[in-house]
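Trainee: My questions will all concern the structure given below.
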Amino acid sequence: MGKNQKNNNQNNFRGKVNFHGPAQIAAGDINNHYVPNTNNQEANYTPEPVWRSPFTLAILTWISFVITVGGLIPIVVKMVKNSLDIFNGELKPVVGFEFSIYLMAFVILIILLVILLSLRRIAKTETRHPLFFNFAINGYDNRLTLEKIHSHKCPKCGGEMKYYNKPVEWINRPNNDGSIKRKVTKKVPALECKRNPNEHWYKVDPAEDML
């Protein structure tokens, strides 16, 4: 029985014992950023509502609909018409300038629509998301609220902590000059100690601590 137990803890590759315990086999760079062992300690914070906005889920939905129908569609139709005129050689320089104005308006409306849809998702899921300087936006009760996050001291060293979107997964890509360019692929809300940010940080559930 002792021999069988020993073999169960071994990993075999091509009939040979190579290592013990769990392992990863892969080609290329793997960047795993695990949450440090905090010995069941938790970092705490207190959200303080700063501004309860009038933007509810229903209002955000209607604004997004109005922008889509009342703004984007007419601009798209006008841009298509002007593009056809350009190809037919019927467009004058003054109208070409007008086309540029429509193009700029279209880009601005697209950006505004993306922001509104993101805010609508926050209100719909009733979650909290970091902004900057320890501020956050919360969608509790399907209404957007601006909050100030007051972080408690680090439970491991007593240092000051900050609340922000922490990169936890990324891809390292080499440049031609030999340097490494890092592209972040995933961020999570976190409380991070300013004294030891690499070891003392704690993932924050965006759905916890409602107003």
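Trainee: Can you give the local net charge around Leu60? Use residues other than it whose beta-carbon is closer than 12 angstrom to its beta-carbon, Lys and Arg +1, Asp and Glu -1.
Mentor: Residues close to Leu60 contribute a combined charge of +4.
Trainee: Which loop GluC sites (Glu not before Pro) in segment 116-169, with loop taken from DSSP, have no more than 15 other Cβ atoms within 10 angstrom of their Cβ?
Mentor: Glu160
Trainee: Would you kindly find the accessible area of Lys187, with a 1.4 Å probe and non-protein molecules such as ligands, DNA and RNA excluded, rounding to the nearest 10 Å²?
Mentor: Spelled out: Lys187, probe radius 1.4 Å, area about 120 Å².
Trainee: Follow-up. At what distance in nm do the modelled label points of Asp205 and Leu117 sit from each other, each positioned 7 Å from its Cα along Cα→Cβ?
Mentor: 3.0
Trainee: Starting from 0.36 nm per residue, how many nanometres of slack lie between Arg52 and Phe133 once their C-alpha separation is accounted for?
Mentor: So the chain would gain 27.3 nm between Arg52 and Phe133.
Trainee: Kindly provide the chymotrypsin sites (Phe, Trp or Tyr not before Pro) of segment 119-211 that DSSP labels as loop, not H, G, I, E or B, and whose Cβ sees at most 11 other Cβ atoms within 10 Å.
Mentor: Sparse-neighbourhood loop chymotrypsin sites (Phe, Trp or Tyr not before Pro): Phe132, Phe133.
Trainee: Which value, in Å² and to the nearest 10, is the accessible area of Leu57 when all protein chains are kept and the probe is 1.4 Å?
Mentor: Leu57 has an accessible surface of roughly 40 Å² with all protein chains in place.
Trainee: Using only alpha carbons, build the gyration tensor for segment 91-199 and give me the equivalent ellipsoid semi-axes, biggest first, whole Å.
Mentor: They are 38, 25, 11 Å, listed largest first.
Trainee: If you don't mind, there's one more thing I want to ask. Between Arg195 and Thr125, how many nm apart are label points set 7 Å from Cα along the C-beta direction?
Mentor: Going by the 7 Å Cα→Cβ label model, 3.4 nm.
The values are calculated or read from the model by the stated rules, or taken from the named source; none is laboratory data. Here the structure is a predicted model, which is why all the values come from computation and not from measurement. Counting neighbours? That spans all protein chains shown, and the Cβs are built from the backbone with ideal geometry, glycine included. Ligands, DNA and RNA are stripped out before the accessible areas are found, and what is left, the full protein with its side chains, is counted by its heavy atoms. Shrake-Rupley method; radii C 1.70, N 1.55, O 1.52, S 1.80 Å.
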